[in-house]
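The values are calculated or read from the model by the stated rules, or taken from the named source; none is laboratory data. As the structure is a prediction and not an experimental result, all values here were calculated from the model. Cβ coordinates were reconstructed from backbone atoms using ideal geometry, including for glycine residues, and neighbour counts include every protein chain displayed. Just the protein is used for accessible areas: all its heavy atoms, side chains included, with ligands, DNA and RNA removed. Shrake-Rupley method; radii C 1.70, N 1.55, O 1.52, S 1.80 Å.
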Amino acid sequence: MGTRVQDSADVSPQAQLGDGTSVWHLAQVREGAVLGENCIVGRGAYVGTGVRMGDNCKLQNYALVYEPAVLEDGVFVGPAVVFTNDHYPRSVDPDGRLKRGDDWEAVGVTCKEGSSIGARAVCVAPVTIGRWAMVAAGSVVVKDVPDFALVAGVPARRLRWVGRAGVPLEPAGEGRWVCPTTGATYLEDDDRLMEAAQ
């Protein structure tokens with residue numbers, strides 16, 4: 001199948017692109033980045049040095065994924081999302097000298113399998129977005145998001161539970177939740193949700 005890289009994209013020769021991956025106009029993929037199979041990097045998106053992406057990930061237009069972010073399989077990153085990577089960002093040190101790459105410690109955002117981050121959301125590293133969780137558009141995430149949680153707001157807070165289909169789950173009593181789309185059942189325990197054995 002091969003890869004597809006538009007002429008206006010800037011992909012480092014030291015980046016690895018999996019089979020079936022597409023990089024669109026004006027996107028940049030830096031050295032050491034590893035993208036799995038069938039990924040899509042949208043127009044103007046940025047993938048930082050050493051970022052790791054699993055298979056079937058989508059970065060929509062102008063998403064900024066700074067190192068050392070890790071995206072597991074099936075992660076969706078909406079348009080203009082930003083993943084930060086610095087605890088205490090400064091352009092200069094206390095003496096006024098321009099900071100360099102070795103003057104600070106990069107921290108990353110981790111997105112677990114199937115998670116989705118909505119348009120213009122900001123994830124302030126270090127945070128982990130749980131499996132199949134969903135971050136609403138425009139949210140600011142400053143703490144870890146549990147598996148299957150739907151979070152929204154500034155700062156982001158859990159509003160609901162969602163299933164693998166991405167739609168809100170419906171309560172079924174006694175800590176059980178059901179997906180109205182797939183019929184899958186989930187169990188809640190101590191503010192955590194897990195899939196019930198099928």
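Here are the numbers:
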| quantity | calculated |
| --- | --- |
| Matching residues, the range 28-54, being farther than 20 Å from residue 74 by Cα and either in contact with a Cys (Cβ under 7 Å, 6 or more places away or on another chain) or small (Gly, Ala, Ser) (or both) | 32, 44 |
| Which numbered condition residue 191 misses (of (1) in contact with a strand residue (DSSP E or B) (Cβ under 7 Å, 6 or more places away or on another chain); (2) open to solvent by 60 Å² or more (accessible area, probe 1.4 Å); (3) among the charged types (D, E, K, R)) | (1) |
| Number of positions in the range 56-91 that are open to solvent by less than 40 Å² (accessible area, probe 1.4 Å), in contact (Cβ under 8 Å) with a residue 24 or more places away in the chain, under 17 Å from residue 133 (Cβ atoms) and of a type outside the set (A, V, I, L, M) | 3 |
| Candidates 12, 115, 91, 22, filtered to the one that is of a type in the set (Ser, Thr, Tyr) and within 25 Å of residue 145 (Cα to Cα) | 115 |
| Hits in the range 4-33 - residues which are open to solvent by 30 Å² or more (accessible area, probe 1.4 Å) and of a type in the set (Ser, Thr, Tyr) | 8 |
| Sole residue being over 14 Å from the mean Cα position of the chain (by Cα) and assigned to a loop (DSSP other than H, G, I, E, B), chosen from 79, 94 | 94 |
| Residues located in the range 56-66, provided they are within 12 Å of the chain's Cα centre (by Cα) and not in a strand (DSSP E or B) | 57, 60, 63, 66 |
| Single residue of the range 34-55 satisfying the filter (assigned to a loop (DSSP other than H, G, I, E, B) and β-branched (Val, Ile, Thr)) that is most open to solvent (accessible area, probe 1.4 Å) | 49 |
| Neighbours by Cβ (under 6 Å, 6+ apart or cross-chain): first from the range 154-179, acidic (Asp, Glu); second open to solvent by 60 Å² or more (accessible area, probe 1.4 Å) | 170/180 |
| Residue, farthest from residue 115 (Cα to Cα), within the range 166-177, restricted to residues that are in a strand (DSSP E or B) and not aromatic (Phe, Trp, Tyr) | 173 |
| Residues satisfying the stated conditions in the range 178-188, i.e. open to solvent by less than 50 Å² (accessible area, probe 1.4 Å), assigned to a strand (DSSP E or B) and not β-branched (Val, Ile, Thr) | 186 |
| So residue 99, is it surrounded by 12 or more Cβ atoms within 10 Å (Cβ to Cβ), within 18 Å of residue 57 (Cα to Cα) and either under 14 Å from the mean Cα position of the chain (by Cα) or at pLDDT below 95 (or both) | no |
| The lone exception for residue 142 - which of (1) open to solvent by 20 Å² or more (accessible area, probe 1.4 Å); (2) under 27 Å from residue 33 (Cβ atoms); (3) over 14 Å from the mean Cα position of the chain (by Cα) it fails | (3) |
| Pair list, Cβ under 9 Å, 6 or more apart: the range 11-26 residue farther than 13 Å from residue 43 by Cα, other residue surrounded by fewer than 16 Cβ atoms within 10 Å (Cβ to Cβ) and charged (D, E, K, R) | 12/31; 13/31; 14/31; 15/31; 20/4; 21/4 |
| Verdict on residue 114 being open to solvent by less than 40 Å² (accessible area, probe 1.4 Å), closer than 29 Å to residue 7 by Cα and not hydrophobic (A, V, I, L, M, F, W, C) | no |
